[in-house]
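Input: a single structure, listed below in structure tokens.
Nothing in this text is a laboratory measurement; each read-out follows from the coordinates by a stated rule. Keep in mind the model is a prediction, meaning the values are calculated, not measured. Neighbour counts are summed over all protein chains in view; Cβ atoms, including those assigned to glycine, are modelled from backbone coordinates with ideal geometry.
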Amino acid sequence: MKVLPDTPDVTPVGWRARRQARRRLAELDALGARLAELSGIRDLAEAARAVVAAGWVKDAWYVRPDARRVDLAQAKRMGPIPVRGACLVGAILHAGGGVASADTQLVQRTLDLTWHTLHRGAAEPVRWCPAPPVRAQHLRDLVRWNDRPHRTRAEVEALLGAVGKAAARDHERLLATRE
């Protein structure tokens, strides 16, 4: 007769308990992903703020080191380029990895939060996935806001700082609801 080593007494777990455990793990995974995304948005907004602090431009997306102004169509053709300055949207794109990163979720969500911070109150929920035409209009709104004649570099930097704070505030709120 073969003797098995001592094993702990394992009580069989029913399917309901397993389903609840899977659901709880899925919720924790979603929360972790959301917290990581908010941290990424905060970091991207801070990096964009540093780009604007180094040089800010109106009526163009970027200014190259040779002082040539670059619009979006030129930037798409050129690929990753060093920049001496950027507009609000150009700074977010540049900090996110360049024009090629424009369709990434991190860049899109950073642009969504930037528009929300500019046009909505902190108590209102952010529309993270607006329809493509709405998102395109929000992008035009941000470009127009940047290019207004009276706009200053300090205002653009302040907006990007507020975006970082909004991401940090949402991060803390989510952590608080977890507990």
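Residue-by-condition table, conditions (1) among the hydrophobic types (A, V, I, L, M, F, W, C); (2) exposed (fewer than 14 other Cβ atoms within 10 Å of the Cβ):
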residue: 113; (1), (2): yes, no
residue: 126; (1), (2): yes, no
residue: 137; (1), (2): no, yes
residue: 144; (1), (2): no, yes
residue: 153; (1), (2): no, no
residue: 160; (1), (2): yes, no
residue: 166; (1), (2): yes, no
residue: 173; (1), (2): no, yes
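Does any residue of the range 99-119 turn out to be touching a helix residue (DSSP H, G or I) at 6+ places or on another chain (Cβ under 8 Å), touching a residue at least 60 places away in the same chain (Cβ under 8 Å) and of a type in the set (Ser, Thr, Tyr)? Reasoning before the result, please.
Step one: list which residues in the range 99-119 are touching a helix residue (DSSP H, G or I) at 6+ places or on another chain (Cβ under 8 Å), which gives 99, 101-102, 105-119.
Applying the additional criterion that residues be touching a residue at least 60 places away in the same chain (Cβ under 8 Å) yields 105-107, 109-110, 113-114.
From what's left, of a type in the set (Ser, Thr, Tyr): 110, 114.
Among the residues of the range 99-119, at least one is touching a helix residue (DSSP H, G or I) at 6+ places or on another chain (Cβ under 8 Å), touching a residue at least 60 places away in the same chain (Cβ under 8 Å) and of a type in the set (Ser, Thr, Tyr), which makes the answer yes.
Examine the range 149-171 for a residue that is touching a residue at least 40 places away in the same chain (Cβ under 8 Å), under 19 Å from residue 73 (Cα atoms) and either of a type outside the set (Asp, Glu) or in contact with a Ser or Thr (Cβ under 8 Å, 6 or more places away or on another chain) (or both), and state whether such a residue exists.
No, the conditions are met nowhere in the range 149-171.
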